[in-house]
1. In segment B:91-106, what residues are under 21 Å from B:R136 (Cβ atoms) and either under 17 Å from the mean Cα position of the chain (by Cα) or facing chain A (nearest Cβ under 9 Å) (or both)?
2. Under 7 Å between Cβ atoms, at least 6 apart or on separate chains: pull out the pairs that start in segment B:210-236 with a residue that is closer than 11 Å to B:E36 by Cβ and end on any residue that is modelled with pLDDT under 85 and outside any strand (DSSP E or B).
3. Can you name the number of the only condition in (1) in contact with a Phe, Trp or Tyr (Cβ under 6 Å, 6 or more places away or on another chain); (2) more than 14 Å from chain B (Cβ to nearest Cβ) that A:M1 fails?
4. Which one of these does B:G190 not meet: (1) away from every other protein chain (no Cβ under 14 Å); (2) in contact with a helix residue (DSSP H, G or I) (Cβ under 8 Å, 6 or more places away or on another chain)?
5. Which residues, counting only those in segment A:246-300, are under 30 Å from A:N49 (Cβ atoms) and either of a type in the set (D, E, K, R) or within 14 Å of another protein chain (Cβ to nearest Cβ) (or both)?
6. Return the total of residues in segment A:206-220 being part of a strand (DSSP E or B) and open to solvent by 20 Å² or more (accessible area, probe 1.4 Å).
7. Failed condition for B:T101, given (1) open to solvent by less than 10 Å² (accessible area, probe 1.4 Å); (2) touching a helix residue (DSSP H, G or I) at 6+ places or on another chain (Cβ under 7 Å), with all others met?
Amino acid sequence: MNDLIIRNITQRKFRTGLTVFGIALGIFAVMVMGGMSEYFNRHSENTLNLVDKIQVVPETGYLGGSIDESTVRKVNRVPGVSDAYGLLWMPYDVEGIGLIGDYVVGIPIDKQETTLKDTKLKSGRLLLPSDTYRAVLGSNVEREFKIKVGDELTIKSKRFRGTSSITHERNFTVVGILEYTSSDYDNVIAIPLETAQKFYELENTVSYIWVVPEPSADGEDLAKRIELSVEKITALSPQKLREQVEKTLVIINLITLSSAILAAIIGGLSVMNTMLMSVSERTKDFGLMKAMGAEIWDILYLTMGESALMGVLGGIFGIIGGGIFIYYMNEYLSSMGMVLFAITPRLIIISLLFATLLGTLSGSIPAYRAMKMNPMEAMKYG
Amino acid sequence: MDEPILSVRNLSKTYMQGKIPVHALSDVSFDVQKGEFLSIIGPSGSGKSTFLSMIGLLDRPTKGSVFIDGVEVTKATDSEAPKIRREKIGFVFQHFNLIPTLSAFENVDIAMRFARVPKSKRKERAAELLTRMGLRDRMNHKPSELSGGEQQRVAIARAMANNPAIILADEPTGEVDTKTRDMIVELLRGLSEKGQTILIVTHDTSVSARTRRIIKMLDGKIESDTINAVGEIKTA
């Protein structure tokens, strides 16, 4: 029977081509939107895995202000805290608000390994205590500026003088480049904390504090304890942070996936339309097959097999098309310092299953029609 | 006398045309022996085609029974009907009704596919039947590349593919010229001589004149059932 299905599909090349193209477009959308969703999921997951410490931020929020360095000492004194250190965070693009793109982090030299956790160096070295205007870069920064160890990167800072501001810039020598992590770390420009404070004229100030709890301490309890012990700060445990990120992800996923599914359903309707046309064209053939003793399952297999095959073909083309688009889009975006899509085995499997299911389901109504056909009535069509 | 291969008992079919009942068949009964070459004639609307579709399980009677090879096929459920159609009945239609996208060979082959005949046997049988029909060189041609006579011969080969108990032919010569008509009738008669039961529904008296038995229908009833002497002589 499979050869009959293939023959029927190949004999109506133009129509099959259009239908497969319709499905492929839908699956292309699933791949691209799903790829975006997968990227956000993976990126957030990787970032959360790396940022496994309690975050102490100004009570006004992440972007809302700064913390005096004396607060770091106060946090360090809270029972259950093994270590606490401040980091100074600044967007690389001084004109932007820093929600996306590269960012500069002033980091205490002796806390680099704790902060980077498992992230390895692709080339060069980490910052040394003697380093001042030196930087370690994330891999997206490297790709964006096509920079290597030994090259110089210009960093700007905006300094306010009364009501006006002047932009100051300074070259930093790249001493190390981090491997790709698919996390926020890919966009980091790490410089020594002291240098950062001087460069941005924010002496004795940090943006937030990272807290390493003692092994026996419960993150949630410790975060609460820090909030009670230290004023004007908010402490977020890794669990709390994860919850907040996941809430945001659900919304992103809903938006991306629902638009992708909508596109795919439109593709499915094109299969249904084609199959309805194909079945009504072959009304007489199906009637004849029934007169020859075809079981209803034979008819169902022939019709649904045909639509399922179109679904699979559309799925394969959609996945290939989506894959190529994502590859080039990521290449292009990475030259601007960001990546937006991720292709995962899960995404490919889901896309293919979805395409097959879509094809099969879209073929079910036409198949039901063919199956229910009265052979006598069907043959009168001729 | 042997048990009849086809036995029709009190077969009736009433259609509703709006609110008016139309009696297409009324209380029809007769027997057909194995190897008989029989024609059913009558004017349009006499019930011949309705009768044929009842025997072929393409339609359900309002009343009465049809037995093929001792099996009461009118009792068959929807799920049993395909098996009976495959094993007991072969159809030949006026419009040939070949699947246009398949070759002559594949049109014969497909009938055996539904009967789950293994591929090698199907190939052998389809080639053998088409050769018997004189279509050995036309096997790979599509219906559109075959003449009316050739198409009808493919349809006969297809009807015979699963060795059915009866071949039901509905106006098999309705769409062909007189020369082809004669050839088709001769072919069917030849098959009946080899033991194949053949039942033809026809308008054409020159076709029925060459069958051994003629059932004449009028207004859904059998008007006459006669042994055709000419048919006898010709056959002899």
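1. Of segment B:91-106, the ones under 21 Å from B:R136 (Cβ atoms) are B:92, B:96, B:98-99, B:102-106.
The answer is B:V92, B:F96, B:L98, B:I99, B:L102, B:E106.
2. Between residues of segment B:210-236 that are closer than 11 Å to B:E36 by Cβ and residues that are modelled with pLDDT under 85 and outside any strand (DSSP E or B), the close pairs are B:T211/B:N228; B:T211/B:G231; B:R212/B:N228; B:R212/B:G231; B:R212/B:E232; B:R212/B:T235; B:R213/B:N228.
3. (2)
4. Of (1) away from every other protein chain (no Cβ under 14 Å); (2) in contact with a helix residue (DSSP H, G or I) (Cβ under 8 Å, 6 or more places away or on another chain), only one is false for B:G190: (2).
5. Taking segment A:246-300 and keeping what is under 30 Å from A:N49 (Cβ atoms), we get A:246-261.
Passing the criteria: A:E246, A:K247.
6. Let us first name the residues in segment A:206-220 that are part of a strand (DSSP E or B), namely A:206, A:208-213.
Now drop any that are not open to solvent by 20 Å² or more (accessible area, probe 1.4 Å), which leaves A:208, A:212-213.
Adding up the residues that qualify gives 3.
7. For B:T101, the failing item is (1).
Let's see how each residue does on (1) over 21 Å from A:K53 (Cα atoms); (2) among the acidic types (D, E):
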| site | (1), (2) |
| --- | --- |
| A:A84 | no, no |
| A:Y92 | yes, no |
| A:K122 | yes, no |
| A:R125 | yes, no |
| A:L137 | yes, no |
| A:F145 | yes, no |
| A:R170 | yes, no |
| A:D184 | no, yes |
| A:L193 | no, no |
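The values are calculated or read from the model by the stated rules, or taken from the named source; none is laboratory data. As the structure is a prediction and not an experimental result, all values here were calculated from the model. For neighbour counting, all protein chains shown are included, and Cβ atoms are generated from backbone atoms with ideal geometry for every residue, glycine included. The protein model used for the area step is the full one, side chains on, heavy atoms only, and it has no ligands, DNA or RNA in it. Shrake-Rupley method; radii C 1.70, N 1.55, O 1.52, S 1.80 Å.
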